[in-house]
Every structure is written in C-alpha cells, then in structure tokens.
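The values are calculated or read from the model by the stated rules, or taken from the named source; none is laboratory data. These numbers come from a predicted model, not from an experiment. All Cβ positions, even for glycine, are placed from backbone atoms using ideal geometry, and neighbour counts span all protein chains on display. Only protein heavy atoms, including side chains, enter the accessible area calculation; ligands, DNA and RNA are left aside. Shrake-Rupley method; radii C 1.70, N 1.55, O 1.52, S 1.80 Å.
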Amino acid sequence: MIGDRVSWKSRAARAVLRRLPLFGTLIGLGLAIWLVATNDLGAVAAAFGRIGVAGFAGVTLVRALVIVLCGIAWARILDGLSPAPAAACLILRFVREGINVLLPVASVGGEVVGARLLTFWGIAGSLAAASVLADLLFQVGTLGLFAGLGAGLLTRVEGAQAAELANWTLRTLAVAGLAIAAFFALQRTGVVRVIEDRVAALGRRFVPETEARPEPSQRIQGALDAIWAAGRRGHLAQSCALHALAWLLGAAEIAVVLACIGIDHVSLSEILVIEALSQAIKAAAFVVPSGLGVQEGGLVLVCGLFGIDAGTAIALSLARRVPDVVLGLPALLVWQNLEARRANVRPATPT
C-alpha cells in the first residue's frame, strides 16, 4: 500500500517535470499575447522596420561573437583534460544555444545534449557532464555579477520605480548568490559521489548484473575533482573572465538596435542596466523556453525607466530574436548531422 503510494507520487512528479517546458511555453505565450494586445502594434512595426538589414546583421554578428567567447570559455575548462579540440566546444556551443532558443525545452536542454555530443569526440561521459556543470556555474555566476553591476548603476537613476527595482534585484541576487555557492559546494564536495552511489545501488537492486562501482576516473565526481584541481586555476580564471566578457559584449546588441531605430538619448551605463536586468529576468524564468514573453516583458519594464516606449522595447526584443533563428537553425542542422554520424564516434579515452 505504502509502496503503491510512493510509486504514484514518483510517477506524478516525473509527469510534472516532463511537462514543465509545456507549462512554461503556455505561460510565456500568454504573456506575449497580453503584451501585444495592450500595446500599439503600429508603433512596434514602425520601430522594427527602422532597424533595417544592416541592424539585423550587426545584432547577429554580435551574438555570434558572444557564442564564440562562451565556446572558448568551455574549451578552457577542458584544456589539458581531454583530447577534444577547442573547435568541438565552439561547434557544440552553437548547438547548445540553438536548442535552448528554438526548441520547446527548458533553458538547460541544450546543456544536456551538448554534454552527450561532446562524447562523440572521444571524451568520457563523466568528464563531458562535469565540464558542462562547471561551465554552467561560471555562466550563472558571472551573470549574477553582471546583474549586480546593473543594479548598482540603477541605484543612481532618479525615481521611486528605479529604486524599487534596484532594491528588488539586489535582494534577489543575494538569494541567488547563496544558490550559486551551494551549486559550487555541490561540485567541490563529495555530494555528487553520494548521489552516484545511490543511483548505482538502485541500479544493482533492479539489475543485479550491473557493475558494482565505476572507476574513480569514470565518475562525475572524479571528473569534477580533476577540473577543480589546484593546478588548473589559470584555466578556470580564463573561462570565468571570458563568460564575463560575453555578458558585457551582449549589451552591444541593444546599442546597435537602438542606434538603428534612432534612440540616441540612452547612455552606455543605461544600456548596461537594460542588458543586465533583462538577462537576469529571462534567466530567472528558465523554465520558459527561449524566455518567450518574459524577454519582451523584461525589456518593456527596464526600458521604460529610461524613457523608451513599450513599442520600441518590444521591437528591440523581436530584433534580438533574429539571431536566434539565423544562428539557431544551422546549429540544429549540425546537431542532426552529428547524430547521423554516431557510427563513427570515437571510444572514450581515460581522463
């Protein structure tokens, strides 16, 4: 009786987790429809039309540079630990991005696929997964720092709404900082090893012929220990710095679009605030695929603080989705091409 109840709860939990992206999509779609219905579509179309081909090309180029920086950051984590060339990380970073922005999955779906595809270059699955975990830690950690910079700059803006948003952001970042610290501690301590042992024990219970325990080098915890080794601090610092630079460079997308639309009263510090806070809002709603509706709503909220009307803010968001398609579709084709060549996958080499 108790076992049936536990089994039912387990199935229900798995069903909810599987449907989270769908729920997120519906929420984001509802928010997007509400934004469109409550704003002047003519103003949105007029602002979007002023961007022009040159503007879209500029935004796409900036996005490509951002993804390249993130790919190099991932490669620095693996440098010296795997036989995979840096080009593999660059290619798969585009694939990760394409999956996250174009497919109806939560914003970590691309990371799961990226770790799996990395094994096609002869990297052990444990090291591939560990590298993605470390890369996510740097990505989220530097976003927190970037959002903190944006909130700090926002405190200098006059107005009760700006002060309220800055205070809310700083309080939220304090909580997020604790979560990031816990995530780091999870990787640095033996908690991952305990989880692996529990999963392995469960496997041996239902499949007795399962191997007792993998070698330390084949475990995710062992791979994490290798990544965080004291002698690799230079590589890790470079990866973290590259992620921070990528977040800063992302502000150039906003600068390009606003310049093309003809908005010239927004300063560099204000552009940084818009980018930092809108990215933080989008990241907070990671269960919504591609931040549908959330990205638009965040930009409307933050841009309004600097005298940018809602129509222009929505046009800005739509312009930033152009690189999602231009770069994402080829990335998905690359993914499918890699899957088609699974027969040529190299065996994993010991780490």
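Scan region 330-349 residue by residue and report those that are at pLDDT below 85, open to solvent by less than 100 Å² (accessible area, probe 1.4 Å) and in contact with a helix residue (DSSP H, G or I) (Cβ under 8 Å, 6 or more places away or on another chain). Passing the criteria: 345, 348. Residues in region 286-296 that are within 17 Å of residue 35 (Cα to Cα) and either open to solvent by less than 50 Å² (accessible area, probe 1.4 Å) or out of contact with any helix residue (DSSP H, G or I) (no Cβ under 8 Å at 6 or more places or on another chain) (or both): 288, 290, 291, 293, 294, 295, 296. For region 105-156, a residue qualifies if it is surrounded by fewer than 19 Cβ atoms within 10 Å (Cβ to Cβ), in contact (Cβ under 8 Å) with a residue 60 or more places away in the chain and polar (S, T, N, Q), but none of them does.
Among residues of region 61-88 being in a helix (DSSP H, G or I) and charged (D, E, K, R), the one that is least open to solvent (accessible area, probe 1.4 Å) is 63.
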